[in-house]
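Worksheet: one structure, shown below.
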Amino acid sequence: MLSEKLTRILRSKSQFSEDQISQMTEKDGWRWVYKNKTPKNERCREICFTGFSESEKSDLSRLAMEAELAVVGSVTKNLSFLCVGQYPGHAKVEKATNQGVLIVTLDQIKQILQSGELPERK
């Protein structure tokens, strides 16, 4: 049984099916994560989702990764977008606001991802 954190990472960053993930060992899962980690100097823009169900977040994460965005689980110093759902985390919104992160709605991020035109960084 994989840890919750590893399961989330594999769901959002890999093409593994739920069945494949459920058959992995913790060691194999982390080995895949570190083997496929993007080098720091090549990392793309980051996005975080808050206020969505796990299934919504999983679908949005896949879309974001296809648009070459790095999906993160918290507000980081390099965060470009915070996408807020119906029940966003207050602390994440406050921290993102203080950092000047672009806060977008579901409709806005879908438009950004579909068009492929990412707003310029501040």
Exercise for the section: Among the numbered conditions (1) modelled with pLDDT of 90 or more; (2) exposed (fewer than 15 other Cβ atoms within 10 Å of the Cβ), tell me where VAL71 comes up short. Expected result: (2)
Handout entry: Residues located in the stretch 15-51, provided they are of a type in the set (Phe, Trp, Tyr) and either modelled with pLDDT under 95 or at positive phi (or both)
Key = PHE16, TRP30, TRP32, TYR34
Handout entry: Hey, ARG8 in contact with a strand residue (DSSP E or B) (Cβ under 8 Å, 6 or more places away or on another chain), closer than 29 Å to THR105 by Cα and modelled with pLDDT under 90 or not
Key = no
Practice task
Determine whether the stretch 26-41 contains at least one residue that is closer than 27 Å to GLU117 by Cβ and under 12 Å from the mean Cα position of the chain (by Cα).
Solution key: no
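Would you say SER80 is closer than 15 Å to GLU46 by Cα and among the polar types (S, T, N, Q)? Steps first, please.
Values: closer than 15 Å to GLU46 by Cα: yes; among the polar types (S, T, N, Q): yes.
Here the answer is yes, as SER80 does meet what is asked.
This table checks each residue for (1) outside the structural domain of THR105 (by TED's automatic domain parsing); (2) of a type in the set (Lys, Arg).
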residue: ARG8; (1), (2): yes, yes
residue: THR25; (1), (2): yes, no
residue: SER53; (1), (2): no, no
residue: GLU56; (1), (2): no, no
residue: LEU69; (1), (2): no, no
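The values are calculated or read from the model by the stated rules, or taken from the named source; none is laboratory data. Please read all numbers here as calculations on a predicted model, not as lab measurements. Neighbour counts run over all protein chains shown; Cβ positions are idealised from the backbone, glycine included.
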